[in-house]
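Working notes, structure below.
The values are calculated or read from the model by the stated rules, or taken from the named source; none is laboratory data. Being a predicted model, the structure only gives us computed values, none of them experimental. Don't worry about glycine lacking a Cβ; one is built from the backbone with ideal geometry, like all the others, and counts go over all protein chains shown.
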Amino acid sequence: MTATMSASKLRRCLLKALALFVALVCCLSFPAAATGEDSTEQADEGTSQQEKEQTTEENTTDEAYQELESQYEKLEQEMEKNQEKLDKVQESLDEQEKVVDGLGNQISSTQNEVDLLTIRYQALLNEQSNTESQIELITKQLGSLSSQIEQTGAAITEKQEQLEVTYELLKQRIRAMYMAGSGSTLEFLLTSEDFSTLLTRTELLVRVAQHDNDLMATLQDEVSELEQLETTLTDSVTAQETKKTDLSSKTQSLESSKSKIQATSDELKQKREELKTEMEKEKQELNALDKESDEYKALISKQEDELIALSAQMEEFIKNSGSSTTDKDEETTEPDGEETTEKDEPDSKDNPYLDGTETVFSSGMIFPLKCSGVYISSPYGMRTHPITGEYKLHTGTDFCAAGIDGKTVYAVKDGEVIYAAKHKAYGNFVIIDHGKGISSCYAHMQDGSMRVSVGDKVQQGQPIGKVGDTGYSTAPHLHFEIRVDGSTVNPMSGYIKLPG
Ligand SMILES: [Zn+2]
């Protein structure tokens with residue numbers, strides 16, 4: 001008897017246990033049919049009867065095992081599909097978030113433009129009202145100027161009339177003096193009775209001429225003064241008119257700028273509203289995607305739990321059918337506590353896979369990797385799951401190292417391969433039964449790298465595959481488990497130690 005059970009015995013036991021499980025399920029579903037079977041099983045007498053039962057039992061076991069396997073496969077396929085859907089939903093979510101962010105940026109930049117335009121519009125309004133009050137003032141000034149011009153015109157007319165009247169009187173006097181003859185003035189002087197009268201008459205004539213001359217000069221001065229005032233006033237009117245025209249055209253240009261700004265602002269406001277509507281729509285879509293993503297995550301988590309439950313059932317079968325800690329004809333594989341002593345000699349001197357450099361721990365195991373710089377990236381125990389985010393037991397120890405991808409994974413001890421297949425969570429996964437209920441498990445190995453199959457007897461140090469990234473893994477690493485009677489234990493508690 002070797003340290004492990006034969007492949008056929010193990011498989012038969014496994015199938016038997018599976019069948020018991022399915023029978024139990026059937027029993028619960030069809031109690032009537034199961035009652036008969038139970039009574040048959042209880043029958044313990046007669047060798048031929050026992051053989052018959054064994055054959056029937058094996059057939060049932062085969063069917064049950066196939067049924068269980070196809071259930072398992074279907075579940076895995078479903079999970080894979082759901083994961084793909086979840087990935088797509090996540091992609092859409094990411095894109096959607098980018099769109100919403102982009103729209104938010106557009107809205108705030110549009111709002112900034114509207115704010116700037118509002119400031120410019122307010123400035124224009126102020127300028128316009130300023131210009132308008134200037135025009136009002138000039139219009140008033142023009143009114144006052146034109147009334148001044150009117151007054152000046154009237155004064156000029158009046159003075160000219162006075163000038164004309166004075167001139168007419170002067171002309172009449174000269175004409176009368178002329179009509180009376182040149183001798184009349186002389187006669188007027190010569191007919192003076194005495195010298196004193198002559199002097200008086202001469203002075204009188206001089207005074208009359210002087211008065212006429214003065215009057216004419218004064219009137220002419222006044223007229224020319226008024227004409228000058230009129231010219232000044234007219235010039236001022238022209239200047240003010242020009243200013244008014246300028247201001248009017250400025251008002252017009254301000255008015256057109258205002259209209260343009262108003263139009264641009266209205267356009268931007270409309271654009272902002274459109275963007276807001278669009279963003280609202282995108283946000284709704286995002287919420288729907290979020291909900292969908294949550295639903296898929298919940299579904300995956302549920303199916304993962306189902307898978308774990310199925311896996312636990314299979315572990316139970318291994319416990320019932322494979323090697324056990326109570327087997328007596330096997331050497332002990334149990335750890336001897338915290339203090340791991342190391343053996344000098346490997347398990348077998350005839351083992352071609354060992355070169356004597358390997359350290360064999362007191363558990364009889366060697367380290368599953370030979371590359372340098374290995375460290376524990378995730379220890380055995382409770383942890384948050386990287387995909388579902390749920391707090392669950394980490395069933396093994398994760399080993400990592402720089403350049404670990406593709407490094408050879410070695411059997412830690414002699415044993416028999418009882419599982420070698422691709423598992424949804426564990427990727428390419430190998431379980432080796434070392435006897436006495438102890439098994440070692442190696443997960444996430446590269447596709448096509450597995451060098452052992454179910455039933456193979458392997459020797460300590462024999463290559464079984466290469467470190468990879470398959471299954472639920474975020475980076476290449478070796479997920480290593482030790483199971484005692486099917487249940488996981490901490491591999492670092494006396495089974496193996498980190499090298500170096
Ligand atoms: Zn792990």
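In the stretch 96-112, the qualifying residues are those that are over 12 Å from LEU275 (Cβ atoms) and surrounded by 13 or more Cβ atoms within 10 Å (Cβ to Cβ), and the one that is modelled with the lowest pLDDT is GLN96. For the stretch 272-327, a residue qualifies if it is modelled with pLDDT of 75 or more, among the small types (Gly, Ala, Ser) and more than 30 Å from THR388 (Cα to Cα), and the qualifying residues are SER323, SER324. THR202 meets each of the listed conditions (1) in contact with a helix residue (DSSP H, G or I) (Cβ under 9 Å, 6 or more places away or on another chain); (2) of a type outside the set (A, V, I, L, M); (3) closer than 30 Å to LEU226 by Cβ apart from (3).
Applying the selection to the stretch 423-433, what residues are within 16 Å of the ligand (Cβ to nearest atom) and modelled with pLDDT of 90 or more? Within the stretch 423-433, ASN428, PHE429, VAL430, ILE431 meet the criteria.
Collect the residues in the stretch 401-435 that are of a type in the set (Ser, Thr, Tyr) and closer than 17 Å to ILE482 by Cβ, keeping them in residue-number order.
First, the residues of the stretch 401-435 that are of a type in the set (Ser, Thr, Tyr): 408, 410, 419, 426.
Within the stretch 401-435, TYR410, TYR419, TYR426 meet the criteria.
Scanning the stretch 434-445 for residues that are within 16 Å of the ligand (Cβ to nearest atom) and of a type in the set (Gly, Ala, Ser) yields SER440, ALA443. With respect to (1) under 19 Å from GLY427 (Cβ atoms); (2) within 13 Å of the ligand (Cβ to nearest atom); (3) within 42 Å of the chain's Cα centre (by Cα), the lone exception for ASN490 is condition (1). Scanning the stretch 367-403 for residues that are of a type in the set (Gly, Ala, Ser) and assigned to a loop (DSSP other than H, G, I, E, B), we see that the one that is farthest from the ligand (Cβ to nearest atom) is SER372. Among the residues of this structure, GLU358 counts as one that is more than 16 Å from the ligand (Cβ to nearest atom), in contact with a Phe, Trp or Tyr (Cβ under 9 Å, 6 or more places away or on another chain) and charged (D, E, K, R).
Taking the condition on the phi < 0 side of the Ramachandran plot and either in the same structural domain as GLU315 (by TED's automatic domain parsing) or touching a Gly at 6+ places or on another chain (Cβ under 8 Å) (or both), does ASP469 pass? The answer is yes for ASP469.
Quick one: would you say TYR353 is away from the ligand (no atom under 14 Å from the Cβ), over 23 Å from SER323 (Cα atoms) and at pLDDT 90 or above? Full working, then the answer.
Values: away from the ligand (no atom under 14 Å from the Cβ): yes; over 23 Å from SER323 (Cα atoms): yes; at pLDDT 90 or above: yes.
Spelling it out, TYR353 is indeed away from the ligand (no atom under 14 Å from the Cβ), over 23 Å from SER323 (Cα atoms) and at pLDDT 90 or above.
Here is a check on your reading of the model: is THR341 modelled with pLDDT of 65 or more, surrounded by fewer than 17 Cβ atoms within 10 Å (Cβ to Cβ) and over 30 Å from THR118 (Cα atoms)? No: the conditions fail for THR341.
The condition of being surrounded by fewer than 22 Cβ atoms within 10 Å (Cβ to Cβ), in contact (Cβ under 8 Å) with a residue 12 or more places away in the chain and away from the ligand (no atom under 16 Å from the Cβ) does not hold for ALA411.
Within the stretch 446-482, the set of residues being more than 12 Å from the ligand (Cβ to nearest atom), under 11 Å from PRO368 (Cβ atoms) and assigned to a strand (DSSP E or B) comprises PRO463, ILE464, GLY465, ILE482.
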